[in-house]
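The values are calculated or read from the model by the stated rules, or taken from the named source; none is laboratory data. Everything numeric here is computed off the predicted structure, so don't read it as measured data. Here the Cβ is made from the backbone with ideal geometry for all residues, glycine too, and neighbour counts use every protein chain on show.
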Amino acid sequence: MAKHSVEIKCPSCGEKNISKNGIGHQGAQRYLCNNKECLKKSIMLKYRYNGCEHGIEWKIITNTANAQGIRDIARSLEISTQKALDTLKKQKIS
(Lines give C-alpha, C1' and ligand atoms only; values in the text may rest on other atoms or scores of the structure.)
Protein backbone atom coordinates (compact mmCIF):
# COMPACT_ATOMS: atom_id res chain seq x y z
CA MET A 1 0.00 0.00 0.00
CA ALA A 2 1.49 3.32 -1.08
CA LYS A 3 1.62 6.20 1.37
CA HIS A 4 0.21 9.50 0.22
CA SER A 5 2.13 12.54 1.31
CA VAL A 6 0.96 16.10 1.07
CA GLU A 7 3.41 18.98 0.98
CA ILE A 8 2.18 21.59 3.42
CA LYS A 9 3.30 25.22 3.32
CA CYS A 10 2.49 27.87 5.88
CA PRO A 11 -0.09 30.22 4.32
CA SER A 12 1.44 33.18 6.16
CA CYS A 13 5.18 32.87 5.49
CA GLY A 14 5.43 30.04 2.90
CA GLU A 15 7.70 27.93 5.12
CA LYS A 16 7.78 24.21 4.29
CA ASN A 17 9.20 23.22 7.69
CA ILE A 18 5.89 22.14 9.25
CA SER A 19 5.24 19.59 12.00
CA LYS A 20 2.07 17.97 13.32
CA ASN A 21 0.57 19.66 16.36
CA GLY A 22 -2.29 17.51 17.63
CA ILE A 23 -5.94 17.25 16.70
CA GLY A 24 -8.49 20.11 16.75
CA HIS A 25 -11.89 20.00 18.45
CA GLN A 26 -13.62 18.73 15.31
CA GLY A 27 -11.05 15.98 14.71
CA ALA A 28 -8.98 17.80 12.06
CA GLN A 29 -5.19 17.58 12.11
CA ARG A 30 -3.40 20.73 13.30
CA TYR A 31 0.06 21.70 12.09
CA LEU A 32 2.73 23.99 13.51
CA CYS A 33 4.91 26.39 11.51
CA ASN A 34 8.50 26.02 12.72
CA ASN A 35 9.59 29.43 11.42
CA LYS A 36 10.39 31.54 14.50
CA GLU A 37 9.48 34.80 12.73
CA CYS A 38 6.09 33.62 11.43
CA LEU A 39 3.06 35.33 12.97
CA LYS A 40 0.66 32.44 12.31
CA LYS A 41 1.78 29.39 14.28
CA SER A 42 -1.15 26.96 14.13
CA ILE A 43 -2.31 25.77 10.70
CA MET A 44 -5.19 23.56 9.56
CA LEU A 45 -5.67 22.33 6.00
CA LYS A 46 -9.46 22.58 6.06
CA TYR A 47 -11.39 24.67 8.55
CA ARG A 48 -14.94 23.81 9.51
CA TYR A 49 -15.99 27.45 9.13
CA ASN A 50 -14.97 29.29 5.95
CA GLY A 51 -14.53 32.54 7.85
CA CYS A 52 -11.31 31.16 9.35
CA GLU A 53 -9.72 30.33 6.01
CA HIS A 54 -6.51 32.13 5.05
CA GLY A 55 -7.19 35.05 2.71
CA ILE A 56 -10.92 35.35 3.38
CA GLU A 57 -10.50 38.99 4.49
CA TRP A 58 -8.96 39.86 1.13
CA LYS A 59 -11.88 38.21 -0.69
CA ILE A 60 -14.36 40.21 1.39
CA ILE A 61 -12.58 43.49 0.63
CA THR A 62 -12.28 42.67 -3.08
CA ASN A 63 -15.96 41.79 -3.35
CA THR A 64 -16.87 45.02 -1.58
CA ALA A 65 -14.75 46.99 -4.04
CA ASN A 66 -16.71 45.26 -6.83
CA ALA A 67 -19.95 46.70 -5.41
CA GLN A 68 -21.31 43.52 -3.82
CA GLY A 69 -23.49 43.90 -0.75
CA ILE A 70 -22.77 42.36 2.65
CA ARG A 71 -25.40 39.64 2.32
CA ASP A 72 -24.28 38.83 -1.22
CA ILE A 73 -20.67 38.47 -0.05
CA ALA A 74 -21.68 36.30 2.89
CA ARG A 75 -23.75 34.03 0.65
CA SER A 76 -21.08 33.64 -2.05
CA LEU A 77 -18.21 33.00 0.40
CA GLU A 78 -20.39 30.90 2.74
CA ILE A 79 -19.58 33.00 5.79
CA SER A 80 -21.71 34.95 8.25
CA THR A 81 -22.75 38.51 7.55
CA GLN A 82 -21.17 39.46 10.87
CA LYS A 83 -17.75 38.19 9.69
CA ALA A 84 -18.05 40.36 6.57
CA LEU A 85 -19.09 43.40 8.62
CA ASP A 86 -16.31 42.91 11.20
CA THR A 87 -13.69 42.61 8.46
CA LEU A 88 -14.87 45.80 6.78
CA LYS A 89 -14.97 47.66 10.10
CA LYS A 90 -11.36 46.66 10.74
CA GLN A 91 -10.39 48.02 7.31
CA LYS A 92 -12.56 51.13 7.79
CA ILE A 93 -14.33 50.47 4.49
CA SER A 94 -18.04 51.11 4.27
Identify, from the list K40, K9, the residue that is within 11 Å of the chain's Cα centre (by Cα) and at negative phi.
K40
Identify all residues within the stretch 76-90 that are touching a helix residue (DSSP H, G or I) at 6+ places or on another chain (Cβ under 9 Å) and either exposed (fewer than 13 other Cβ atoms within 10 Å of the Cβ) or in a loop (DSSP other than H, G, I, E, B) (or both); write none if there are none.
S76, E78, I79, S80, Q82, K90
Can you find a residue that is within 15 Å of L88 (Cβ to Cβ) and touching a Ser or Thr at 6+ places or on another chain (Cβ under 9 Å) anywhere in the stretch 37-45?
no
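Would you mention how many residues in the stretch 32-61 are without any contact (Cβ under 8 Å) to a residue 40 or more places away in the chain and assigned to a loop (DSSP other than H, G, I, E, B)?
Kept after step one, since they are without any contact (Cβ under 8 Å) to a residue 40 or more places away in the chain, are these residues of the stretch 32-61: 32-53, 56-61.
The next check asks that each one be assigned to a loop (DSSP other than H, G, I, E, B); those that pass are 34-41, 45-49, 53.
The total comes to 14.
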How about the stretch 37-71: which of its residues are exposed (fewer than 14 other Cβ atoms within 10 Å of the Cβ), modelled with pLDDT of 85 or more and not polar (S, T, N, Q)?
E37, W58, A65, A67, G69, R71
